[in-house]
Each structure stands twice: as C-alpha cells, then as structure tokens.
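Report on the structure given below.
The values are calculated or read from the model by the stated rules, or taken from the named source; none is laboratory data. This structure is a prediction, so every number in the text was calculated from the model and none was measured. Cβ coordinates were reconstructed from backbone atoms using ideal geometry, including for glycine residues, and neighbour counts include every protein chain displayed. The protein model used for the area step is the full one, side chains on, heavy atoms only, and it has no ligands, DNA or RNA in it. Shrake-Rupley method; radii C 1.70, N 1.55, O 1.52, S 1.80 Å.
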Amino acid sequence: MGKKTCWVAILCSIFLNVVMLQWTIEAFFGKEFEHVYMYTIIAIASSFIALLFYGKWRKLDKHERA
Amino acid sequence: MVDEKKNQKRNQRKADDDMINLVDNLNRSEDLRFNRRAFLKSAVGASLTLGIATLPFSIKAMMDDGEDDSEKLEIAKLSELPKGESMEFHYPTDSEPALLVHTKNGELKAYNNKCTHLQCPVFYEKKEEVLLCPCHRGFFNVNSGQPMAGPPQRELPKILLEVKGDVVYAVGREVRHG
C-alpha cells in the first residue's frame, strides 16, 4: 500500500464524513433516531480509518526520507 | 569590490532592482509550515472534526428516544369545521403549531404548520387546495404534506387523526412520511 492510497483514503473519509454529518442532521430533525446512530457510527469509523491511514503515511514518509 | 557591494544590496529583500531581486519568493519558515505533511494533517483533522460533530446528535437522540409524542388530544368538533375550512391547534406540545384542514372532498388532514424551509407559518389556500407558506412562496400538497413548489425540500410533519362521533382527536405524529 503506497502513499497515494493513504491520500485517497483520507480525502474519501472527508467526503464521507461531510455526507454523514448532513444525513445525521436530516435524520435527527426527522426523528429517525436509528438512522442517526447508524450515520454516527459510520462517521466515527471513517474518522478512525483516516487516522490509521495518516499514521501509515507518516511511516512511509519517514522510511522514504531515511 | 564596489560591484560586489552593489550586488549584495540588489539581492536584499524588497530591493528596487527588478531583474536582480530573486529572493522574495523564498521563505524557509513558510516552506516548513505549509508542506504536504501539514496539509495531510489538516485533512485528517477535518475528517475527525466532522466525524465527532455527529456525536452530539446521537447523544441527544438517545436522550429523546424514550419520549413518546403519541398523546391523544381533542382538537376540534367536526360540526364546527365545515368543508374547505381550517383551524390552528398545537400538537404534541404547546410550542408546536399545527393546522387541521377539512378539505373540499370532506377529508381531514393535519400537519405541523411550521414551514420546513425557514419555520414560517403555513396556511391553507381554499381556492387552490394547497398549503401555502407566504414568506418565500412555498407550496405543500394538502393531501400528502409534500412540498410542491418553492424553497421547501422536506414534507410537513403529519399528525395522525382519529374521529369519534363529532370529535376529532390527534393521536400521533409522523415527522418523515411518504
């Protein structure tokens, strides 16, 4: 897995989280609480994955510089 | 010796000599601050912030989940509401205005009448049989509560009705429907 993959994954997670936040607000005001929980779980998971990819990218970057 | 001194002057920042002044585009501190790593770090920060921003909605939803707004409430006497007329009431709480419509076909429809665009009150237009928000000319279908024209994108919350004898009761609410 290269650095490019990490970039793509992180940018995708931003896009996904923007959509999830919008849907969460919509579901919250529509009183569809099951959807609110589901979107929150997806958003948190996606943030966590972004964090993991950032760690991976840093490792690759360090390795490349050394 | 003189030339060297002159050259040094020319190569200083913000010197007037256009063709020699080539140092202004070099800024080491900015190069260190605004690089690829910093950009990626900000991107991850943005993703985390967006993800965490969804949490308060879930917490609030968990707190409100047990609340049941399906209380039965008497809202009108059918004999006092002729066809083609409407009346305002509040359901499920006093802060949530609603509109009961007796359509020309004789059907009873009720919706919370805060416009889903910017919360202006929605009125029943007898002539065209629509619900109208006069603030930004938003139109809702009186039979379904769905937006027909104008800025509103979401339907009006529907209030479930029950008629017993001459009395109309509100018995529940569906925020998203249809």
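Values for this structure:
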item	result
Some residue of the range A:4-12 being over 18 Å from the mean Cα position of the chain (by Cα), more than 15 Å from B:Leu48 (Cβ to Cβ) and at pLDDT below 95	no
Flag if B:Gly178 is among the small types (Gly, Ala, Ser), at pLDDT below 95, surrounded by fewer than 19 Cβ atoms within 10 Å (Cβ to Cβ) and within 22 Å of B:Gly84 (Cβ to Cβ)	no
Condition broken by A:Cys6, with the remaining ones in (1) more than 9 Å from chain B (Cβ to nearest Cβ); (2) within 18 Å of B:Ala38 (Cβ to Cβ) satisfied	(1)
Selection count where residues are surrounded by 18 or more Cβ atoms within 10 Å (Cβ to Cβ) and more than 7 Å from chain B (Cβ to nearest Cβ), scope the range A:22-32	2
Enumeration of residues in the range B:145-161 that are part of a loop (DSSP other than H, G, I, E, B) and over 12 Å from B:Val175 (Cα atoms)	B:Gly150, B:Pro151, B:Pro152, B:Gln153
The one condition in (1) open to solvent by 80 Å² or more (accessible area, probe 1.4 Å); (2) more than 27 Å from A:Val36 (Cα to Cα); (3) out of contact with any Pro (no Cβ under 7 Å at 6 or more places or on another chain) that B:Asp94 fails to fulfil	(2)
Criterion: part of a helix (DSSP H, G or I), more than 8 Å from chain B (Cβ to nearest Cβ), more than 20 Å from the chain's Cα centre (by Cα) and of a type outside the set (S, T, N, Q) - qualifying residue of A:His63, A:His35	A:His63
Test: residue in the range B:142-151 that is open to solvent by less than 20 Å² (accessible area, probe 1.4 Å), in contact (Cβ under 8 Å) with a residue 60 or more places away in the chain, within 14 Å of another protein chain (Cβ to nearest Cβ) and within 30 Å of A:Trp23 (Cα to Cα)	no
Condition met for B:Leu156 (within 16 Å of the chain's Cα centre (by Cα) and surrounded by 14 or more Cβ atoms within 10 Å (Cβ to Cβ))	yes
Unmet requirement for B:Leu50, which otherwise passes all of (1) within 10 Å of chain A (Cβ to nearest Cβ); (2) more than 21 Å from the chain's Cα centre (by Cα)	(2)
Residue check for A:Leu52: open to solvent by 80 Å² or more (accessible area, probe 1.4 Å), within 16 Å of B:Ser47 (Cα to Cα), in a helix (DSSP H, G or I) and at the interface with another protein chain (Cβ under 7 Å from one of its Cβ atoms)	no
Residue that is at the interface with chain B (Cβ under 7 Å from one of its Cβ atoms), open to solvent by less than 100 Å² (accessible area, probe 1.4 Å), in contact (Cβ under 8 Å) with a residue 40 or more places away in the chain and assigned to a helix (DSSP H, G or I), where the choices are A:Ser13, A:Ser47	A:Ser13
All positions within the range B:106-121 that are within 12 Å of the chain's Cα centre (by Cα), under 17 Å from B:Tyr91 (Cα atoms) and open to solvent by 10 Å² or more (accessible area, probe 1.4 Å)	B:Thr116, B:Gln119
